[in-house]
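Any read-out appearing in this document is the output of simple, stated calculations on the displayed coordinates, not a laboratory observation. Since the structure is predicted, the reported quantities are computational estimates derived from the model, not experimental observations. Ideal geometry is used to build each Cβ from the backbone, glycine not excepted, and the neighbour counts take in all protein chains shown.
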Amino acid sequence: MEEKLFKEILKERAQSINIFLNEEELNQFYQYKDLVLEWNEKINLTAITDEREFIIKHFIDSLTIKPYIEDSKTIIDIGTGAGFPGIPIKIVNPNNEVVLFDSLNKRLMVLEDIVGKLKLSKVQLVHGRAEETFKNVQYREKYDIAVSRAVASLNVLAELTLPSVKVGGMCICMKGNNAEEEIKEAENAIRVLGGKIEKVDKFILPELNLERNIIVIRKIKQTPKQYPRKPGTPQKSPIL
Ligand code: SAM
């Protein structure tokens, strides 16, 4: 797709969710898409290679959480993969400090290249497994907002994300359709880990008419020391 058309579609779709992208941001998104697709030939980053679909499923989907994020807050994107939703949020909120966190070092090397080429400042790349990293005082209960998309079911995700967030902070969990069952199954885990579901917002992705659920969990008290449990345990034996 031609650069001009790509930018027109992105600009228009973003406008439809009340996000107004300037020329510099459009350039960054265009370059970001090129870099992801280029790296994708060497390292598995995304199954979405159609550019229209890329705009909606990666960029617009990531941008749907912008209204939840205040300028001064620190953000950690847990299981960021190719940078979603952390990098799109960073592009439109340049003042936020953003940590891109993932357990796969190869993906972080790609992100280092992308962050450098897009000239994004106040971005930190951290390699580790959530189960280990958020035991460490350097990262535990440190961030205002944890964001996460397509990483685990909500009961597991709560254990991977809530330990990273300060009391008073929040986790924004991005989910597809039919989130109700997952939410019900995760209610106790969220409570045990010190969180409380504040709201669940439904969202329909433009053009593709796909339902998304944005689950906002407020951290209301400290996470007990025994969480997160050791790598693999949250997935094998989710808190019931
Ligand atoms: N968030 C991105 C997106 O929506 O496109 C990537 C999703 S990808 C399906 C899941 C990512 O989470 C992978 O990059 C994987 O390495 C990372 N991940 C899974 N479990 C993790 C854990 N326990 N700690 C840190 N990263 C993890």
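To the nearest ten degrees, helix 179-192 and the longest principal axis of the Cα atoms of the chain are 50 degrees apart. From most to least packed by mean Cβ count within 10 Å, the peptides 82-91, 183-192 give 82-91, 183-192. On a 0 to 90° scale, report how tilted helix 23-39 is relative to the longest principal axis of the chain, with both axes built from alpha carbons and the result rounded to the nearest 10. The answer is roughly 80 degrees.
Think of it as helices only: each DSSP H run of n ≥ 4 in the chain is worth -39500 (n - 2.57), and spread over all residues that comes to -10000 deg cm²/dmol at 222 nm.
Here the spin labels are modelled as points 7 Å beyond Cα on the Cα-Cβ line, and at residue 222 and residue 137 they lie 1.1 nm apart. Taking 12 Å as the straight-line reach from the Cα of residue 135, the aspartates and glutamates in range (excluding those fewer than 8 positions away in the same chain) are 159. Treating r as the C-beta distance of residue 22 and residue 121 and R0 as 25 Å, the FRET efficiency rounds to 0.90. Across every direction, the projection of the convex hull enclosing the Cα atoms of region 3-221 has a mean area of 11.0 nm². Across region 1-140, the mean sequence separation of Cα contacts (distance under 8 Å, 6 or more residues apart), normalised by length, yields a relative contact order of 20 percent.
Using 24 Å as the Cα-Cα cut-off, could you pick out the over-long pairs in 7/117; 33/117; 7/199; 90/225; 11/42; 196/225?
Working: 7/117 18 Å; 33/117 12 Å; 7/199 33 Å; 90/225 31 Å; 11/42 29 Å; 196/225 18 Å.
Too far apart for the 24 Å limit: 7/199; 90/225; 11/42.
Can you compute the label reach from residue 229? Point 7 Å from Cα along the Cβ direction, backbone N cut-off under 19 Å, restricted to region 170-189. Answer for this model: 185-189. Each residue, residue 70 and residue 177, gets one label point 7 Å from its Cα in the Cβ direction; the gap between the two is 3.6 nm. Placing R0 at 35 angstrom, the Cβ-Cβ distance between residue 42 and residue 188 gives a FRET efficiency of 0.25 after rounding to 0.05.
When all alpha-carbon pairs of region 1-111 are counted, what percent fall beyond 17 Å?
Numbers: 3189 of 6105 pairs.
Looking at region 1-111, the distances longer than 17 Å represent 52 percent of pairs.
Taken one residue at a time, the phi angles of region 94-106 give Karplus couplings (6.51, -1.76, 1.60, θ = phi - 60°) of x, 7, 6, 7, 10, 9, 9, 10, 7, 8, 9, 4, 4 Hz. Gly and Pro are set to x. When you restrict to C-alpha pairs under 8 Å that are six or more residues apart and normalise by the size of the chain, the relative contact order lands at 16 percent. Taking the charge dipole of the chain about its Cα centre, with +1 at Lys and Arg Cβ atoms and -1 at Asp and Glu Cβ atoms, the residue from 39, 137, 214 reaching farthest to the positive side is 137.
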